[in-house]
Amino acid sequence: MRTVVVTGPGEIGVETRDDPVRPGPDGAVVTVDISSICGSDMHFYDGDIPIYPLALGHEVVGTVAEVGPEVASVVVGDKVLVASVAGCGQCAGCAQRDPILCVQGAKVFGAGELGGGQSELLAVPAADFQLLKVPAGISDEAALLLTDNLATGWAGAKRADVSPGDTVLVIGLGAVGLCAVRSALALGAERVLVADPVAGRRARAVASGAIALEGPTAEAVLETTGGRGVDAVIDAVARDVTLDDAFAAVRAGGTISVIGVHDLEPYPLPVLMGLFRSITLRMTTAPIHATWPDLVPLIQEGRIDTTGIFTHHFGLDEAATAYARVAERSSDCVKVTLTPGGMR
Ligand SMILES: [Zn+2]
Ligand SMILES: [Zn+2]
């Protein structure tokens, strides 16, 4: 099978490897119909997290090709989406539908231990836990967003304690940030302020109902909120500068919810200021599986829109071009798909 491999900073190839073997009696093999490039893939591409060579990709919608005898929820031929983070499916943590709590340790596809999803085939352990038959009324793009980005944006908004009437700041308007904007609004936020250096991304958020800030983020927030600050900040970037902005923009007693992926260096946390101002700080890898019962009906009922986030579509063999396109971080490109069968 063909699979996308990063071999160094900025170096993407498509390699032919052995087809994956079904991982045990509770596992499955999925034929990948469509996959997508995530902001977290870019940390390997950019060299922030230098693990090479690495088969990439953790956002997959596909068709079940093979199941083990213990798999009960799907059969060969079912169209499924694959949770980007995998758990054993058997333990007390997985019983909460949060693979991050898995006592055997969560594993992310395309990060070393499991295969990469930007490929033709993907081996899926504990298939009953990891796979969701794509429900009626869920498009391929919505299904891809449910594997990671929308689940993450939703979890970020929930962990920000977003309540009806709140004013919320979302920092970073890649796919996850845009999903966080839509999630905060669906949870009843009255105003969602947004910050991103790319004008086209701010415009997309405004089209979803957000209010774009101009100029330095913290100052713009204080001006917009009469000096009070926002009830909650969702930081979908998590660089030192955006974390500084989050602490400067949140009101006393407010919540900072971090869902961006920081680099490997520690951040100098302003503990004393956070203490004096009673700030709640949460950092979250989404409980992907646990978000589906909330998000699927919201999408089906049209209360969360999943359109306008995927902007470009490439064949799997064009992965190098696709990654370079995403790396430009241009106004018109937010998120791209990779289709093994070629661009459609
Ligand atoms: Zn992702
Ligand atoms: Zn587990």
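Sort the range 203-248 into rounded, prolate or oblate with this rule: let a ≥ b ≥ c be the square roots of the eigenvalues of the Cα gyration tensor; rounded if a/c is under 1.5, and if a/c is not under 1.5, prolate when a/b is larger than b/c, oblate otherwise. Walk me through the intermediate numbers first.
Numbers: a/c = 1.74, a/b = 1.14, b/c = 1.52.
Here the range 203-248 falls in the oblate category.
If neighbour count is taken as other Cβ atoms inside 10 Å, put Glu301, Glu120 in order from fewest to most.
Glu301, Glu120
Computed over the Cα atoms of the range 84-241, what is the convex hull's projected area averaged over all directions, in nm²?
It is 11.3 nm².
In whole Å, what are the Cα extents of the range 258-344 along the three principal axes, biggest one first?
If we take the Cα atoms of the range 258-344, the spans are 55, 37, 24 Å.
Can you tell me the convex hull volume per residue for the range 5-56, based on C-alpha atoms, in Å³ to the nearest whole number?
110
In terms of the Cα gyration tensor, with a ≥ b ≥ c the square roots of its eigenvalues, is the range 163-246 rounded because a/c is under 1.5, prolate because a/b exceeds b/c, or oblate?
Here the range 163-246 falls in the rounded category.
Measuring from centroid to centroid over Cα atoms, what is the spacing of the range 153-179 and the range 198-275 in Å?
10
Can you tell me, using C-alpha contacts under 8 Å and at least 6 residues apart, the relative contact order of the range 17-74 as a whole percent?
So the answer I get is 51 percent.
Order these by the 10 Å Cβ neighbour count, fewest first: Leu144, Leu187, Leu131.
Leu187, Leu131, Leu144
Per residue and in cubic angstrom, what volume does the convex hull of the Cα atoms of the chain have?
Working: hull volume 43.3 nm³, N = 344.
Convex hull of Cα atoms, per residue: 126 Å³.
I'd like the Karplus ³J(HN,Hα) series for the range 250-256: coefficients 6.51, -1.76, 1.60, θ = phi - 60°, whole numbers in Hz, and an x wherever there's a Gly or Pro.
Karplus values, whole Hz, x for Gly and Pro: 7, 6, 4, x, x, 10, 10.
Relative contact order, percent, of the range 120-223 when contacts are C-alpha pairs under 8 Å separated by at least 6 residues?
It rounds to 20 percent for the range 120-223.
How big is the gap, in Å, between the Cα center of the range 106-143 and the Cα center of the range 320-344?
One Cα centre to the other: 20 Å.
Report Rg/Rh for the range 1-128, rounded to two decimals, where Rg is the Cα radius of gyration and Rh the Kirkwood radius.
0.97
Determine Rg/Rh for the range 109-161; Rg is computed over alpha-carbon atoms and Rh is the Kirkwood hydrodynamic estimate from the same atoms. Could the numbers behind the result be given before it?
Details: Rg = 13.2 Å, Rh = 13.0 Å.
Dividing the radius of gyration by the Kirkwood radius yields 1.02.
Among Ile259, Ile138, Ile100, which comes first, second and so on when ranked by fewest other beta-carbon atoms within 10 Å? If you can, show how the numbers build up before the last one.
On the way: Ile259 29, Ile138 21, Ile100 17.
Listing Ile259, Ile138, Ile100 from fewest to most nearby Cβ atoms yields Ile100, Ile138, Ile259.
What percent does the relative contact order of the range 1-157 come to when contacts are Cα pairs within less than 8 Å and at least six residues apart?
28
Only the coordinates and a few stated rules stand behind these numbers; no lab work does. Since we're looking at a predicted model, the values are computed, not measured. FYI the Cβ positions are ideal-geometry reconstructions off the backbone, even for glycines, and counts take in every protein chain you see.
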